[in-house]
Amino acid sequence: MTTKAIDQLLKEKQKFEALFNFATVGIVIANSRGEITLVNQHAETIFGYETDELRGKKVEVLIPMDRQHTHQANREHYTVHPQVRPMGYGRDLKARRKDGSELPVEISLSYFHTDEGLFVIAFILDITVRKQNEAILLQQKAELETITREIKVLNSNLEEEVERRTETLRQTLNQLESSRKELQDALKREKQLGELKSRFVTMASHEFKTPLATILTSTTLIGKYQKSEDQIHREKHLKRISDTVLNLSNLLNEFLSIGKLEEGKIKPKPELFFLPDHMKEIVSEMQSQAGEGKQILIEMPEVGDVELDKELIRYVMLNLLSNAIKFSPPASTITVKAFRKNDVLNIEVQDQGIGISRKDQEHLFERFFRGRNADNIQGTGLGLHIVQRYLKLMEGEIKIQSELNKGTIISLLFENK
């Protein structure tokens, strides 16, 4: 293997390790014998272990002592009949930290096969906070029931103070109802966040399975091509690894963007820049990924400086061009235009792809939505949702013109920019 090929492989390995280790859920990968082969940093933090301390240990080290025997039998059955198990799964699960303490968790299971056999992936969420909130809500409910009973007894024994007691009851109930509603709202928000994370993890489980198997298989095969005449085979597998890591990186970026948007951490930072030059850089980056004879053209002769968030515009354009490339036929043309009309800056991306039905256009910007004619094309259904939210941050809007099998025009509109 050439030095250049080795360096490229090391770089792709570093990208995959960053994607794996910076995930916001715990990830544990074990072989068919139940031996832990990979653990990300978040899982090590959850269970209180140092780096690589879990590697090679049986997964039962993470299971409470009184359930280890049962778990081993269940694990052995799973390796014979593997299946994807989503978050929750109707079970009240607990895990064991290094110090022996236990914590409530939700676990999603998936699996993949390589030349080395079956590997099982566990995505782990620490739900301690949710359980605490549920306990507080139950305590408040019990307190409300106790106070209600006490007030009824007082009213029956003190008829002369009915009016005063009634007012006291009303005030107490209002306060308790307000407190209960606040707790319910907090629990609802926590539940919604948990459901969102669960859906992320379920999707990640599906999206990670094939790429991980591709990376592991290609890495194994590269080691078998040791002769100089095998260089073409090594380069083919290196490109597979590079493309796969890029897809995983894009998936992680979408997840991270959604998280930052939900937490309000993304604020627009407008600056003055020359739009044509910025677009040329973006198109040059995407042209190298287009393949199949697809060509990206730029038409913006009369547009100069604009005042927008340069990084948000870059993300939006990368997403739109990526979609145009994915949904366009070979040897087709994708056009990027920009022009001003009545003090409105219009940026357009036009393709000759599969198009979007009118019915699907009504739901196009919803989270996780994918068109019915795009089910067999890789994607998460998050890209356009994020694009629309970024545009709102920049006080812009997005419009779509499309027909099935006749291509799509996506317009970004900004006033006085």
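About its Cα centre, how strong a charge dipole does segment 271-415 have in debye, to the nearest 20, once Lys and Arg get +1 and Asp and Glu get -1 at the Cβ? All intermediate terms of the calculation are to be shown ahead of the outcome.
Numbers: 17 positive and 22 negative charges, 132 e Å.
Once rounded to the nearest 20, the dipole reads 640 debye.
Electrostatic bookkeeping for residue 172 treats Lys and Arg as +1 and Asp and Glu as -1; over the other residues with beta carbon under 11 Å from its beta carbon, the sum is -2.
With the convex hull of the Cα atoms taken as the outline of segment 271-415, the averaged projected area works out to 8.2 nm².
What is the calculated FRET efficiency for residue 274 to residue 367, with r their C-beta to C-beta distance and R₀ = 41 Å, to the nearest 0.05? Computed FRET efficiency for residue 274 and residue 367: 0.75.
Since every read-out is calculated from the coordinates, none of them should be taken as a lab result. No experiment lies behind these values; they were computed from the predicted model shown. Don't worry about glycine lacking a Cβ; one is built from the backbone with ideal geometry, like all the others, and counts go over all protein chains shown.
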